[in-house]
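Just so it is clear, none of the values below were taken in a lab; they were calculated from the coordinates. These figures come from a predicted structure and were not determined experimentally. Reconstructed Cβ throughout: ideal geometry from the backbone, glycine too, with neighbour counts over all protein chains shown.
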Amino acid sequence: MSRIRIKEILKTTPTEQTITVKGWVRTFRNNSFIALNDGSTNNNLQVVVDFTTTAEEILKRITTGAAVSATGILIASQGKGQTVELKATSVEIIGDSDAEKYPLQPKKHSLEFLREIAHLRFRTNTFGAVFRVRNSLAFAVHKFFNEKGFLYIHTPIITSSDAEGAGEMFHVTNFDIANPPKDENGAIDYKQDFFGKSVNLTVSGQLEGELAAMAFSDIYTFGPTFRAENSNTARHLAEFWMIEPEMAFYELKDNMDLAEEMLQYVIKYALDNNLEDITFLSQRLEEEEKQKPQNERAELSLLDKLNFCLENKFERVTYTQAIEILRESNHNKKKKFQYLVDKWGVDLQSEHERYLVEKHFKKPVILTDYPKEIKSFYMRQNDDGKTVAAMDILFPGIGEIIGGSQREERLEKLETRMNEIGIPLDELSWYLDTRRFGSCPHAGFGLGFERLVLFVTGMTNIRDVIPFPRTPKNCEF
Ligand code: 4AD
Ligand code: MG
């Protein structure tokens with residue numbers, strides 16, 4: 001007999017048909033009522049066991065965490081909170097669980113504790129909801145680009161280029177690291193390494209994505225990226241997933257329009273398809289907020305915040321305007337920023353980004369035209385000679401969620417900039433070829449997928465929206 005998912009069962013009305021469900025026991029009350037969960041929804045199916053006809057041996061093994069199969073008929077439920085329940089005619093124990101040793105008890109556990117048992121936290125209501133929303137968002141990303149006729153391209157994970165030029169890369173080698181071969185100058189001889197040169201895990205698929213856009217016009221990548229930045233914050237991971245579209249014949253404004261449309265599309269998709277889970281997470285967050293002093297509580301609930309993002313256009317401001325706003329702010333004058341904003345050219349810290357979004361504009365903000373010194377080499381140089389056609393999208397509670405730009409399509413300008421910064425032209429000659437053979441204006445951006453999931457689930461630590469977080473000094477499972 002085939003297994004029916006609990007989410008489907010809970011939508012149906014009582015039938016006389018015999019069905020089978022399989023899942024894990026959340027609780028077992030009064031030797032009669034199993035709350036059974038199979039991960040398809042946070043709502044459990046109540047399975048009613050007749051203890052007068054069920055063997056004592058079986059009853060004893062219906063413990064929290066055990067995997068069981070139950071067969072019976074669906075009847076109208078007497079209890080509150082559900083319309084149907086399963087009147088079991090047989091219960092089979094598939095996998096025992098020692099209730100004494102099972103780390104998840106039917107009570108509230110801290111997120112920190114659950115992170116240590118990431119192999120079991122999937123079975124909790126909070127993480128059930130988070131990972132179902134994550135799944136929907138990933139699907140929505142593919143759906144969005146597919147409907148727009150974009151080509152999904154797989155960019156490499158092992159690469160010899162540092163796309164962001166920030167040098168925060170994980171080295172990949174199969175040398176015996178205690179004893180690597182040396183050349184005549186005593187330096188490590190990468191010619192003898194697996195790839196015959198020094199290579200890394202990718203920090204971004206952008207450069208390879210640009211090559212594909214110069215042939216397919218509109219492409220995107222969606223894959224894992226790796227950064228060895230030692231940022232132990234609630235918004236940084238060493239391994240995260242990034243969505244990077246790249247479009248030929250796009251300028252900065254087209255890029256911003258696409259990014260805004262995509263964000264609104266995927267948020268709407270999650271609201272339309274995961275309302276139950278998002279409502280659960282919204283209520284969870286309200287409970288959390290109650291622990292905080294009144295003046296620190298969020299003004300909007302999670303649901304209201306998501307709807308607000310759908311109904312309002314993002315604010316578009318230049319870096320130069322933003323610096324003015326920050327410099328003139330009372331926050332700056334009263335020295336409430338850790339890093340005071342004194343002159344044009346400084347990089348924005350997350351406290352500044354959050355001030356702009358949460359205090360000043362009170363909505364998502366797209367910041368454009370940053371000083372070229374604080375942005376990557378590939379960004380298109382503006383006519384003022386000082387700024388580049390960059391755009392960052394800042395979200396409430398998150399800060400930067402998207403980073404992107406129009407790309408420098410003029411070979412001479414690009415080479416000059418690379419020389420200024422000291423990026424060897426020969427190493428990126430394959431990239432420069434696109435500017436030699438049929439170059440054209442193009443643009444793209446990168447969306448940090450976990451930051452999006454943070455925003456939509458209302459979770460506050462990025463470690464809680466990826467199944468197995470990798471952060472400095474932490475790589476369990
Ligand atoms: O701003 P970033 O570094 O931009 C790029 O990598 C470009 N190549 C993207 C492009 O134009 N194709 O990173 C893009 C986004 C950030 O806005 C942020 O959301 C996320 O990636 N991100 C991280 N997310 C989690 N942990 C980290 N350590 C992250 N670093 C960046
Ligand atoms: Mg960035």
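Sparsely packed loop sites in region 275-317 (the GluC sites (Glu not before Pro) outside DSSP H, G, I, E and B with at most 13 other Cβ atoms within 10 Å) comprise E299. A full extension of the chain between E147 and Q192 corresponds to an added length of 11.6 nm, given 0.36 nm per residue minus the alpha carbon distance.
Quote the FRET efficiency, to the nearest 0.05, computed for E373 versus A67 with a Förster distance R0 of 51 Å and r equal to the Cβ-Cβ distance. Efficiency, rounded to the nearest 0.05: 0.30. The string of couplings for region 64-75 from the Karplus curve (6.51, -1.76, 1.60, θ = phi - 60°) is 4, x, 5, 8, 9, 10, 10, 10, x, 10, 8, 10 Hz, one whole number per residue in order, with x for Gly and Pro. Here the chain is described by how far its Cα atoms reach on the three principal axes: 85, 59, 43 Å, from widest to narrowest. With R₀ set to 30 Å, the beta-carbon distance separating F33 from Q283 gives a calculated FRET efficiency near 0.80. For region 178-245, a Kirkwood radius taken over Cα pairs fed into Stokes-Einstein (4 °C, viscosity 1.567 mPa s) yields D = 87 µm²/s.
Kirkwood-based Rg over Rh for region 316-378 (C-alpha set), two decimals? A ratio of 0.95.
Dividing the helix sum by the residues of the chain, where each DSSP H run of 4 or more adds -39500 (n - 2.57), gives a mean residue ellipticity at 222 nm of -9000 deg cm²/dmol. In loop segments of region 171-258 as defined by DSSP, the trypsin sites (Lys or Arg not before Pro) with at most 15 further C-beta atoms inside 10 Å of their C-beta are K197. Estimated at 0.36 nm per residue, the fully extended path between T18 and T416 surpasses their Cα-Cα distance by 135.9 nm. Footprinting exposure proxy ranking of C475, C440, fewest other C-beta atoms within 10 angstrom first, gives C475, C440. Look at T368, T27 and count the other Cβ atoms within 10 Å of each Cβ; fewest to most, that gives T27, T368. Ordered by the number of other Cβ atoms lying within 10 Å of each residue's own Cβ, fewest first, R436, R470, R380 fall into the sequence R436, R470, R380. Taking 28 Å as the cut-off for C-alpha to C-alpha distance, list the pairs among K148/K313; K107/K268; K333/K473; K80/K107; K11/K148 that go past it. In this structure, K107/K268; K333/K473; K11/K148 lie more than 28 Å apart at Cα.
Residue separation of D304 and L111 scaled by 0.36 nm, minus their Cα-Cα distance, works out to 67.1 nm of gained length.
Simple point charges give the picture: +1 on the Cβ of Lys and Arg, -1 on the Cβ of Asp and Glu, and for the chain a dipole about the Cα centre of about 1640 debye. Whole-percent P(r), region 273-367, all Cα pairs, 10 Å bins from 0: 14, 36, 30, 17, 3. Which FRET efficiency value, to the nearest 0.05, is calculated for N232 and D176 with the Förster distance at 35 angstrom and r the Cβ-Cβ distance? So, using R0 = 35 Å, E works out to roughly 0.70.
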